[in-house]
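The values are calculated or read from the model by the stated rules, or taken from the named source; none is laboratory data. Not measured: the values here are computed from a predicted model. As a convention, Cβ positions derive from the backbone with ideal geometry for all residues, glycine included, and neighbour counts pool all protein chains shown. Side chains are part of the model used for accessible areas, which takes the heavy atoms of the whole protein and leaves out ligands, DNA and RNA. Shrake-Rupley method; radii C 1.70, N 1.55, O 1.52, S 1.80 Å.
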Amino acid sequence: MKFSANLGFLWTDRPLAEAIHAAKAAGFDAVECHWPYDEPVAEVRAALEETGLQMLGLNTRRGDTAAGENGLAALPGREAEARAAIDEALAYARAIGAANVHVMAGFASGAEADAAFVANLSYACEAAHPHGITVLIEPLNHYDAPGYYLATTGHARAVIEAVGAPNLKLMFDCYHVQLMEGDLTNRLKALLPIIGHIQFAGVPDRGAPDRGEVDFSYMFKVIDALGWAAPLGAEYKPGGPTEDTLGWFTLTR
């Protein structure tokens, strides 16, 4: 199995470029991040080149975080801001060679939100296609993100089918899916054709994957048996120095 360090949670005590080097030193095969926009592109690109790691993905901006926003793409009447955030994310992704952009939906519901999300994702997919970038959408659980537009894999599948773009895929985060739906093995098998990235964390506390209600040593074997070859994203909260939480990782090498 190959693994990607999500630097939105791991090694957050240092600049992104330094965190990339830390991930390489720990033995990760790739990296990913959340919102890198305050980090100099040249420094991030240089760190990726020096380590030989690929940045798998990044997120669009959340909007007005002081007001509690968590994405813009499903917010009716905010299309101009949503598309500016998409343009910004794609530009940053191109500059550092990132493979995916996660377009964040935000807190919304109803028919107008449906229409806004589909239209904005269509825009994102069309803009991303010439650059070989995949657009991702991710259901978030209603414990951590109550009211988030996208909460289940079934809803995500319906959105992907409505958009109909070949470069729109599901980000399957085992943590979120287990909390909302469970049945991880069968859901992975059923959704595999539309999955663009897989992430994981311990459930229910989002800690390291060697604790909690999900046996990830088993899940990793399931994913491997499905023929998944891309790195899996370690997106968990270490609760202290990241190096102290990597016992699960060293056992997989």
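Take the conditions more than 15 Å from A99 (Cβ to Cβ) and open to solvent by less than 60 Å² (accessible area, probe 1.4 Å) and apply them to A26. Does it pass? Criteria met by A26. Say whether the condition of being under 29 Å from S122 (Cα atoms), in contact with a Pro (Cβ under 6 Å, 6 or more places away or on another chain), at pLDDT 95 or above and not basic (K, R) is met by at least one residue in segment 207-222. No, every residue in segment 207-222 fails to be under 29 Å from S122 (Cα atoms), in contact with a Pro (Cβ under 6 Å, 6 or more places away or on another chain), at pLDDT 95 or above and not basic (K, R). Looking across segment 206-253 at every residue that is open to solvent by 80 Å² or more (accessible area, probe 1.4 Å) and acidic (D, E), the one that is nearest to K189 (Cα to Cα) is identified as D224.
Of the residues screened, R83 is one that is in a helix (DSSP H, G or I) and among the basic types (K, R). For segment 26-38, a residue qualifies if it is closer than 22 Å to G207 by Cβ and either more than 17 Å from the chain's Cα centre (by Cα) or at pLDDT below 95 (or both), and the qualifying residues are A26, G27. On inspection, G106 does not qualify as in contact (Cβ under 8 Å) with a residue 40 or more places away in the chain and open to solvent by 20 Å² or more (accessible area, probe 1.4 Å). When D114, D64, D144 are screened for being within 17 Å of the chain's Cα centre (by Cα), at pLDDT 95 or above and open to solvent by 40 Å² or more (accessible area, probe 1.4 Å), only D144 passes. Beta carbons closer than 6 Å, at least 6 apart along the sequence or on distinct chains, pair a first residue in segment 52-71 that is farther than 18 Å from A108 by Cβ with a second that is open to solvent by 40 Å² or more (accessible area, probe 1.4 Å) for L53/K24.
Scan segment 89-119 for residues that are farther than 17 Å from Y37 by Cβ and in a helix (DSSP H, G or I) and jot them down. Before the answer, list the steps.
So the first thing to find is which residues in segment 89-119 are farther than 17 Å from Y37 by Cβ, and the list is 99, 105-119.
Matches in segment 89-119: A111, E112, A113, D114, A115, A116, F117, V118, A119.
The condition of being modelled with pLDDT of 95 or more and under 17 Å from the mean Cα position of the chain (by Cα) holds for only one of A95, A85, that being A85. Residue-level analysis places N186 among those that are surrounded by fewer than 21 Cβ atoms within 10 Å (Cβ to Cβ), of a type outside the set (A, V, I, L, M) and within 24 Å of W248 (Cβ to Cβ). Scanning segment 47-61 for residues that are touching a Lys or Arg at 6+ places or on another chain (Cβ under 9 Å) and open to solvent by 30 Å² or more (accessible area, probe 1.4 Å) returns E50, G52.
Restricting attention to segment 127-139, the residues that are buried (at least 23 other Cβ atoms within 10 Å of the Cβ) and part of a helix (DSSP H, G or I) total 1.
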